[in-house]
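The values are calculated or read from the model by the stated rules, or taken from the named source; none is laboratory data. All values reported here derive from a predicted model rather than from experimental measurement. Ideal geometry is used to build each Cβ from the backbone, glycine not excepted, and the neighbour counts take in all protein chains shown.
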Amino acid sequence: MATPSPTRPRRLLPLSLGLFQGALLLFFALFVTYDKPSAQAEDASLVAIQLYGIFPLFQDIQVMLVVGLGLLLTFLPHYGLSALTHNFLLLNFSTQWALVLQGLLHHFRHGQVHLDLHNLLTAEFAAVTVLISVGAVLGRTSPCQLLVVAACEVPVYLASEWAIVSRLGVLDVGGTITIHVFSCYFGLGVSKALFGAVQQPVHPKETPTHRSDLMSLVGTLILWVFWPSFVAVLCQPGDAQHRAILNTFLAMSAGAVTTVVASSLLESDGKLSPGHLQNGSLAGGVAIGAVADMTMPPVAALALGSLSAVVCVLGFRFLTPLLVRKLALRDQCGIHNLHGLPGILGAVASTVAVLVAPKDTSGQALWQALGLVVAIGGSLLAGLLTGVALWLPCLARPPERLCFDDSLYFKIQDQKTRI
């Protein structure tokens, strides 16, 4: 017997997506164009060199977001198909939405939006914030609710990134503050407003299995391999980009080793937690982004990677249960431990790195700290407001008994419905 739809508006998702894509087609037809190719041979050669330099990094980021992050979310055993599909859908929806908003806000010249690969990259970074944020509410929200989160978060992120980087002058080449910290507290704000202060028991379908943990760990490995490209892609080509790649690799390598150490020591039997490995191994990449292109000794990157992994593992072991007990705060994917805590650590590291620089940079250190405050405060407030909007009945929030189940949204041909 087929699983009934949880609410009345079954067609809301295809209708809203269809209208959105139709509106974008009209906008692109009227206003979006590519930059004209240069007629000068020297300029054309320079453009080709820049393209060949950035496009491999762009491809790496695509693999990270579509495959790596998608598989990382498959730790829920009955929700893997939904996690992969919703991740893919939100990436495309949010990127196109960000391109439109970027065009309206920054790139509208002579009645036209000029599109290039740099615009596309920055739009995808806006989409990344959505993919991270929805991890806090994964499995208990409908696709329509997730699209509302994306529609609200992208413009707030663009405004936040402009305020932090362009106005305050915060140094954050890898998005530690503007992406990871922002998206974490936006997602936690959404979760708190949506689920309220009632602590609910563990759902029988949200406990990972051996197979789902294995798939999720494969996602971690893919993210780990390509993470240096994510950090370095927008760095200045040359020494800065070279340093960013090296520092990111060192931080993530130290983080991976330290995760095994910390996870084993925290368990009385010395066994490893798959959840710790899936997240702690990536924490170094989150923390290093704010200082990746700065001139610092290699040992600093190693130390930051190790410390961020310890913070992440301790967060899963102690802080998450505490937040559940004291605040009834739901964080399904542990985004606070992977993105929030290492992100704050990276922001503090950037402040220290600026302070110990040879020249007087105390003013810049103050801006680094202020950027962190703006990212946390602005994203948390915006997330709370977005979470309130998700209470609208028309957004088809799934009932508790149908949460974490692919059969609610997909035709499952090879097995009986799990109800």
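General remarks:
- Qualifying residue in the stretch 312-325 (condition: without any contact (Cβ under 8 Å) to a residue 24 or more places away in the chain and among the basic types (Lys, Arg)): no
- Unmet requirement for Asp116, which otherwise passes all of (1) within 21 Å of Gln236 (Cα to Cα); (2) modelled with pLDDT under 95; (3) of a type outside the set (A, V, I, L, M); (4) surrounded by 14 or more Cβ atoms within 10 Å (Cβ to Cβ): (4)
One line per residue, one yes/no per condition, for (1) part of a loop (DSSP other than H, G, I, E, B); (2) out of contact with any Phe, Trp or Tyr (no Cβ under 7 Å at 6 or more places or on another chain):
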residue	(1), (2)
Ile179	no, no
Leu188	no, yes
His203	yes, no
Leu217	no, yes
Val225	no, yes
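- Complete set of residues in the stretch 332-381 that are of a type in the set (Ser, Thr, Tyr) and at pLDDT below 95: Thr361, Ser362
- Comparison of Leu72, Leu65, Leu46, Leu89 shows that the only residue that is assigned to a helix (DSSP H, G or I) and touching a Gly at 6+ places or on another chain (Cβ under 8 Å) is Leu72.
- Residues (of a type in the set (A, V, I, L, M, F, W, C) and either closer than 26 Å to Ser160 by Cβ or in a helix (DSSP H, G or I) (or both)) located in the stretch 190-201: Val190, Ala193, Leu194, Phe195
- Conditions (1) in contact with a helix residue (DSSP H, G or I) (Cβ under 8 Å, 6 or more places away or on another chain); (2) closer than 26 Å to Lys192 by Cβ; (3) outside any loop (DSSP other than H, G, I, E, B): number failed by Val257: (2)
- Where a residue in the stretch 359-376 is over 10 Å from Phe182 (Cα atoms) and its partner, wherever it lies, is of a type in the set (Asp, Glu) and in a loop (DSSP other than H, G, I, E, B), with Cβ under 8 Å and at least six apart: Gly371/Asp172
- Taking the criterion of being in contact (Cβ under 8 Å) with a residue 12 or more places away in the chain and assigned to a helix (DSSP H, G or I), the residues of the stretch 163-176 that qualify are Ala163, Ile164, Val165, Thr176.
- Residue-level analysis places Arg397 among those that are in contact (Cβ under 8 Å) with a residue 60 or more places away in the chain and of a type in the set (D, E, K, R).
- Tabulated pairs, the stretch 137-157, first free of Cβ contacts under 8 Å to residues at least 24 places away in the same chain and hydroxyl-bearing (Ser, Thr, Tyr), second assigned to a loop (DSSP other than H, G, I, E, B) and surrounded by fewer than 24 Cβ atoms within 10 Å (Cβ to Cβ), C-beta under 6 angstrom, 6+ apart or interchain: none
- Of all residues in the stretch 175-207 being small (Gly, Ala, Ser) and more than 30 Å from Thr295 (Cα to Cα), the one that is farthest from the chain's Cα centre (by Cα): Ala197
- Residues in the stretch 353-368 that are aliphatic (A, V, I, L, M) and surrounded by fewer than 16 Cβ atoms within 10 Å (Cβ to Cβ): Leu355, Val356, Ala357, Leu366.
- Total residues in the stretch 267-287, condition surrounded by fewer than 23 Cβ atoms within 10 Å (Cβ to Cβ) and either closer than 25 Å to Val181 by Cβ or touching an Asp or Glu at 6+ places or on another chain (Cβ under 9 Å) (or both): 4
- Any hit, the stretch 380-390, residues being buried (at least 18 other Cβ atoms within 10 Å of the Cβ) and outside any helix (DSSP H, G or I): yes
- Contacts under 8 angstrom Cβ, first residue in the stretch 213-224 being touching a residue at least 12 places away in the same chain (Cβ under 8 Å), partner of a type in the set (Val, Ile, Thr) and surrounded by 21 or more Cβ atoms within 10 Å (Cβ to Cβ), 6 or more apart: Met215/Thr74; Ser216/Thr74; Gly219/Thr74
- Counting only helices (runs of 4 or more DSSP H) wholly contained in the stretch 268-372, the ones carrying 2 or more residues that are within 17 Å of Met252 (Cα to Cα) occupy 274-288, 298-314, 341-355.
- Candidate set from the stretch 60-95 (those that are polar (S, T, N, Q) and under 17 Å from the mean Cα position of the chain (by Cα)); member that is surrounded by the fewest Cβ atoms within 10 Å (Cβ to Cβ): Asn92
- Residue within the stretch 238-245 that is without any contact (Cβ under 8 Å) to a residue 60 or more places away in the chain, touching a Phe, Trp or Tyr at 6+ places or on another chain (Cβ under 9 Å) and surrounded by fewer than 23 Cβ atoms within 10 Å (Cβ to Cβ) present: no
- Just so you know, in the stretch 155-174 the residues that are within 17 Å of the chain's Cα centre (by Cα) and more than 14 Å from Gly378 (Cβ to Cβ) include one that is surrounded by the most Cβ atoms within 10 Å (Cβ to Cβ), and it is Gly174.
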